[in-house]
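Trainee: Input: one structure, supplied below.
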There are 2 protein chains.
Amino acid sequence: MSELRKDPVTGRWVIISTERSKRLSDFQLESVAITPDDGCPFCEGHEQMTPRELLSRRRDGTHADGPGWDLRVVPNQFPVLRVEGTLDRRGEGLFDRMNGIGAHEVVIESPRHVDTLATMGESAVEQVLGAFRDRVQDLKRDRRFRYIVIFKNYGKGAGASLDHSYSQLIALPIVPREVRDEMDGARAHYAAKERCVFCDIIAQDSQDGRRLIAENADMVAMSPYAPRFPFETWILPKRHQALFEDTPRHEFASLARLLGDILRRMNKTLRHPPYNLLIHTAPLAEPAGDFYHWHVEIIPKLTKVAGFEWATGFYVNPTAPEEAAEVLRDSRG
Amino acid sequence: MSELRKDPVTGRWVIISTERSKRLSDFQLESVAITPDDGCPFCEGHEQMTPRELLSRRRDGTHADGPGWDLRVVPNQFPVLRVEGTLDRRGEGLFDRMNGIGAHEVVIESPRHVDTLATMGESAVEQVLGAFRDRVQDLKRDRRFRYIVIFKNYGKGAGASLDHSYSQLIALPIVPREVRDEMDGARAHYAAKERCVFCDIIAQDSQDGRRLIAENADMVAMSPYAPRFPFETWILPKRHQALFEDTPRHEFASLARLLGDILRRMNKTLRHPPYNLLIHTAPLAEPAGDFYHWHVEIIPKLTKVAGFEWATGFYVNPTAPEEAAEVLRDSRG
């Protein structure tokens, strides 16, 4: 029997279609394979192939844009938005536009071509999270920006253009709609109940247990109640916190540990799937401290159905989250 | 220079990224090829391979579920929702669910395996549109349903499971979010201006001309101002009308003519792309007569980027709509 479920934050309904229920073996799993590439612009020794670095973690005595680093952040060579210029907002009759002011940066997560977040080890992953935080702290001083999207496309099937492990930051002069919807939903819940909806979800699901995957002292990984995609997984801090960049260091260490664990479980059970990873955090200049709660969403790319879903906002998910959570819970990466 | 544009109906911002501007030759065009299939359940003579027909257009003297038809509508053999049962809405602490009551039907658009909406001719396409209308009129008598999604996935790249030309209807006990967003935006525009936002768009773009593709007496085809996808195309009735199913017959004839024309133009310029076609119409039991305006959206599947967009609701489109409209306007299918 199929079931309609409502996401308690955004109010979005999804169909969990058990009629079409997919066992793991039914997915056409597309494994990510990393191909060696002597011309990879992100490998150590190829620093001249990227724009100049904005930030790096380097060994003593090494120089910017030379070898000797563990992590580099550089501007995207093909940015969707550019930092230079004045934000110019204009109307055109019915229509509204602004010029493409923003920032688009690339976090090169390792000097080695074959590393991934699943294999890099806890302290290296923590360094990546720290680089996200430091770049957000720097970019948010620019008052033109309203939101910074932090995301990772892993594998060509999920939109990556290179095999070398990297993430991206895009600073925007607007708040994207998905964030706006989450903010609106979380604000309404708080107005009605004086509680954070994400804290409520953590409390109810910790008691229930069926959608829990793994946890440690500071972080919990779970399948959401109304996921749009099979094996969609959220990682949330247990302590209420609206802004990713305000997270204390020990919580980043806990996140790095749990993130690596979850990615290894996915690699094992779903055979190294391509995935998208997104950090959901509150907009830069809006008070959200009471009601928003930052979190990480990981979406392995397992289904091909796409067009209909993005066009209608109406998602059919062939795997119940309780089933996905059980598979990931029982697996050890 | 990139540009941010706001959709005047939903308020969604998109980036038109001309930095990454794609000429037609840059797209990895994936042409749809129809493979002959002796076991196709939708071909004439194979009526026993589908569930029993709900509606058909047949020649005199032929019998239901036998040969002699031009069009058949049958229940989907693998429905995402089922018609049997009572709608049962339930809460579970924080969470809301209902059982999967609904209807899922397939419109087999032609008895011939190789026909497509682009090749079928005007009266056959009009018959398809008429079947949509008749099925909606029938399904809307069921008070459990709030919305009927009418859509077509053409080609495997757009989610089609069979090569034989077909469309789908899904009757839902809820209103999908994309429809809700359009309704909210159109209602707010009407409240502020006492005018339909879609009528305003048609008026402004008819004057402007840069996003117009083609038109006839009753219908106009255009690139929307803030499209999420390259070559996204809308067809709207010029006369204000909230509900697709209330459209008079001569307007369906005009739509059939323009739809075939647009699909042939896309086939010519984009080399037979997979596409999704959606009919956006007002919900079944909500007064929307003044402010909503039904329309058709056609989205050729040209870009592979997917995960990031559906996950954030934040779209980067490499082709400006003025450029797409010019290409399609100058082409003759």
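Throughout, read-outs are computed from the coordinates displayed, never taken from laboratory work. Predicted model, so just to flag it, every value in this text is computed and none were measured. Here the Cβ is made from the backbone with ideal geometry for all residues, glycine too, and neighbour counts use every protein chain on show.
Trainee: What is the distance, in nm, between label points placed 7 Å from the Cα along the Cα-to-Cβ direction at A:R144 and at A:F78?
Mentor: Calculated label separation equals 2.3 nm.
Trainee: How big is D, in µm² s⁻¹, for segment A:234-281 by Stokes-Einstein at 37 °C and 0.692 mPa s if Rh is the Kirkwood radius over C-alpha pairs?
Mentor: Numbers: Rh = 12.1 Å.
The estimated diffusion coefficient comes to 272 µm²/s.
Trainee: So, one more: Put the label 7 Å from Cα along Cα→Cβ for B:D184; what are its distances to the other copies, in nanometres, shortest first?
Mentor: 0.2
Trainee: Taking +1 at the Cβ of each Lys and Arg and -1 at the Cβ of each Asp and Glu, which of B:H46, B:P224, A:A158 sits farthest along the dipole of the protein assembly as shown towards its positive end, judged by Cα position relative to the Cα centre?
Mentor: B:P224
Trainee: Taking 35 Å as R0, compute the FRET efficiency from the Cβ-Cβ separation of A:L162 and B:N216 and round it to 0.05. Please report the intermediate quantities before stating the final value.
Mentor: Values: r = 47 Å, r/R0 = 1.35.
Here the calculated transfer efficiency is 0.15.
Trainee: Too long at a 19 Å Cα-Cα cut-off: which of B:K152/B:K238; A:K152/A:K301; B:K238/B:K268; A:K301/B:K156; B:K268/B:K301?
Mentor: On the way: B:K152/B:K238 23 Å; A:K152/A:K301 13 Å; B:K238/B:K268 26 Å; A:K301/B:K156 17 Å; B:K268/B:K301 15 Å.
Going by Cα-Cα distance, B:K152/B:K238; B:K238/B:K268 fall outside the 19 Å limit.
Trainee: In addition: Could you compute the FRET efficiency for A:C40 and A:T62, with r as their C-beta to C-beta distance and R0 at 22 Å, rounded to 0.05?
Mentor: Working: r = 20 Å, r/R0 = 0.89.
Efficiency computed from Cβ-Cβ geometry: 0.65.
Trainee: On the Cα set of segment A:182-239, report Rg and Dmax in Å, please.
Mentor: Looking at segment A:182-239, its Cα Rg and Dmax stand at 11.9, 32 Å.
Trainee: Which distances, shortest first and in nm, link A:G61 to the matching position in the other copies, using label points set 7 Å out along Cα to C-beta?
Mentor: Label point to label point, same position, other copies: 9.8 nm.
Trainee: Out of all Cα-Cα pairs in segment A:140-218, roughly what percent, to the nearest whole number, are more than 16 Å apart? If you can, show how the numbers build up before the last one.
Mentor: On the way: 2186 of 3081 pairs.
For segment A:140-218, the fraction of Cα-Cα distances above 16 Å is 71 percent.
Trainee: What span do the alpha-carbon atoms of segment B:40-118 cover on each of the three principal axes, reported in whole Å from largest to smallest?
Mentor: That works out to 55, 28, 18 Å along the principal axes.
Trainee: Related question: Taking H placed 1.01 Å from N in the peptide plane, check which residues at least 5 places from A:R112 or on another chain put their amide H under 5 Å from its amide H.
Mentor: When sequence neighbours closer than 5 places are left aside, there are no close amide H contacts.
Trainee: How do B:E84, B:E47, A:E30 line up, fewest other C-beta atoms within 10 Å first?
Mentor: On the way: B:E84 5, B:E47 23, A:E30 18.
Lowest count first: B:E84, A:E30, B:E47.
Trainee: What length, rounded to one decimal in nm, is gained on full extension from A:R112 through to A:D134, with 0.36 nm per residue of separation minus their alpha-carbon distance? Could you put the intermediate results ahead of the total?
Mentor: On the way: separation 22, 0.36 × 22 = 7.92 nm, distance 2.22 nm.
That works out to 5.7 nm of additional length.
Trainee: For segment A:207-261, divide the Cα radius of gyration by the Kirkwood radius and give the resulting Rg/Rh value with two decimals.
Mentor: Numbers: Rg = 11.7 Å, Rh = 12.0 Å.
Here Rg/Rh amounts to 0.98.
Trainee: Return the sequence-ordered ³J(HN,Hα) values of segment B:70-77 in whole Hz as given by the Karplus equation 6.51 cos²θ - 1.76 cosθ + 1.60 applied to θ = phi - 60°, using x for Gly and Pro.
Mentor: 9, 7, 9, 10, 10, x, 5, 5
Trainee: Starting from the amide H of B:D7, placed 1.01 Å from N in the peptide plane, find each other amide H under 5 Å away whose residue is 5 or more places distant or on another chain.
Mentor: Distant-sequence amide H within range of B:D7: B:R12, B:W13, B:V14.
Trainee: Specify the inter-centroid distance of segment A:222-248 and segment B:163-188, based on alpha-carbon positions, in whole Å.
Mentor: So the two Cα centres are separated by 28 Å.
Trainee: Report D for segment A:84-198 in µm² per second (integer): Stokes-Einstein, Kirkwood Rh on Cα pairs, 20 °C, 1.002 mPa s. Intermediate results must be reported in sequence, preceding the final value.
Mentor: Details: Rh = 16.9 Å.
This corresponds to a translational diffusion coefficient of 126 µm²/s.
Trainee: Now, a different point. Residue-wise, which Karplus ³J(HN,Hα) couplings in Hz belong to segment A:319-327, taking 6.51 cos²θ - 1.76 cosθ + 1.60, θ = phi - 60°, and x for glycine or proline?
Mentor: 10, 5, x, 5, 6, 4, 4, 5, 4
Trainee: Distances from B:G85 to the same position in the other copies: list them in nm, one decimal, shortest first, using label points 7 Å from Cα along Cα→Cβ.
Mentor: 5.3
Trainee: Could you pull the Cα extents of segment B:138-295 along its three principal axes, largest to smallest, in whole Å?
Mentor: Principal extents (Cα only, largest first): 43, 41, 31 Å.
Trainee: Kindly state, to the nearest 0.05, the FRET efficiency for A:R332 paired with A:H250, given R0 = 25 Å and r defined as their beta-carbon distance. Let's see the in-between values first.
Mentor: Working: r = 24 Å, r/R0 = 0.97.
It comes to 0.55.
Trainee: Still on this structure, I have one more. What are the residues whose amide H is under 5 Å from the amide H of A:L55, where those residues sit 5 or more places off or on another chain and H is modelled from the backbone?
Mentor: A:V73
Trainee: Note down the magnitude of the dipole of the protein assembly as shown about its Cα centre, charges +1 on Lys and Arg C-beta and -1 on Asp and Glu C-beta and zero elsewhere, to the nearest 20 debye. Don't skip to the end; give the middle numbers.
Mentor: On the way: 90 positive and 98 negative charges, 52 e Å.
Using only the charged Cβ atoms, the result is roughly 240 debye.
Trainee: Something else now. When only C-alpha pairs under 8 Å and at least 6 residues apart count, what is the relative contact order of segment A:65-139, in percent? Before the final figure, lay out each step's value.
Mentor: Working: 71 pairs, mean separation 25.3, N = 75.
With pairs under 8 Å counted, the relative contact order is 34 percent.
Trainee: Follow-up. Quick check on chain A: what does the Kirkwood estimate of hydrodynamic radius come out to from the alpha carbon pairs, in Å? Walk me through the intermediate numbers first.
Mentor: Numbers: mean 1/r = 0.0477 Å⁻¹.
Radius from the Kirkwood sum: 21.0 Å.
Trainee: At 222 nm, what value in deg cm²/dmol follows for chain A if DSSP H runs of at least 4 each add -39500 (n - 2.57) and the sum is divided by all its residues, to the nearest 500?
Mentor: Numbers: 6 runs with 85 residues, N = 333.
Computed ellipticity for chain A at 222 nm equals -8500 deg cm²/dmol.
Trainee: Quick check: residue separation of B:E92 and B:C199 times 0.36 nm, minus the Cα distance between them. What number comes out in nm? List each step's numbers first, then the result.
Mentor: Working: separation 107, 0.36 × 107 = 38.52 nm, distance 4.30 nm.
My answer for the length gained is 34.2 nm.
Trainee: How compact and how long is the protein assembly as shown, expressed as Rg and Dmax of its alpha-carbon atoms in Å?
Mentor: Radius of gyration, then largest Cα-Cα span, for the protein assembly as shown: 25.3, 91 Å.
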